[in-house]
1. Please list, in order along segment 55-67, the HN-Hα scalar couplings obtained from phi with the Karplus expression 6.51 cos²θ - 1.76 cosθ + 1.60 (θ = phi - 60°), rounded to whole Hz, x for Gly and Pro.
2. Quick one: longest stretch of the chain between exposed loop trypsin sites (Lys or Arg not before Pro), exposed meaning at most 16 other C-beta atoms within 10 Å and loop per DSSP?
3. Once a ≥ b ≥ c are taken as the square roots of the eigenvalues of the Cα gyration tensor of the chain, is the result rounded (a/c under 1.5), prolate (a/b larger than b/c) or oblate (a/b not larger than b/c)?
4. What's the ranking of 70-76, 102-108, 36-42 by average number of surrounding C-beta atoms within 10 Å, highest first?
5. Mind telling me which of W89, W22, W34 comes out most flexible in a GNM of the chain, alpha-carbon contacts under 10 Å?
6. Treat each spin label as a single point 7 Å out from the Cα along the C-beta direction, and report the V12 to V91 distance in nm.
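Each value in this text was obtained by applying a stated rule to the coordinates, not by laboratory testing. Values in this document were obtained by computation on a predicted structure and should not be read as measured data. FYI the Cβ positions are ideal-geometry reconstructions off the backbone, even for glycines, and counts take in every protein chain you see.
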Amino acid sequence: MLVLRSIALFVVAALFEIGGAWLVWQGVREHRGWVWIGAGIIALGAYGFVATLQPDAHFGRILAAYGGIFVAGSLAWGMVADGYRPDRWDVTGAAVCLVGVALIMWVPRGH
């Protein structure tokens, strides 16, 4: 159950962080204005809060594992929001990152 909670929190965190960064990008690079930028900043702050809800108490472990989620999530966001089509190396790299997430977060440790 803790693994499912952790995965759900990573997904929510990714939506906030990647979505927030995308909103800032749209506001600045696509000249959509301060409302988009402000919404992005709020979403990025929400990401920081969601990360604290992970069941594991180790900041470094959570953020390191989240990096892999960010990589895969960013490619998925680009596909949905911008029509980006990842090539096989993008997909392979994202898969490697997700294996890293699993190793960092959920391999049993002898504590």
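1. Ordered by residue, 3J(HN,Hα) equals x, 6, 8, 9, 3, x, 5, 4, 5, 5, 5, 4, x Hz.
2. Value returned for the longest uninterrupted segment is 33-108.
3. oblate
4. So the peptides 70-76, 102-108, 36-42, ranked by packing, come out 70-76, 36-42, 102-108.
5. Most flexible of the set in this elastic network: W89.
6. Those two pseudo-labels are separated by 3.1 nm.
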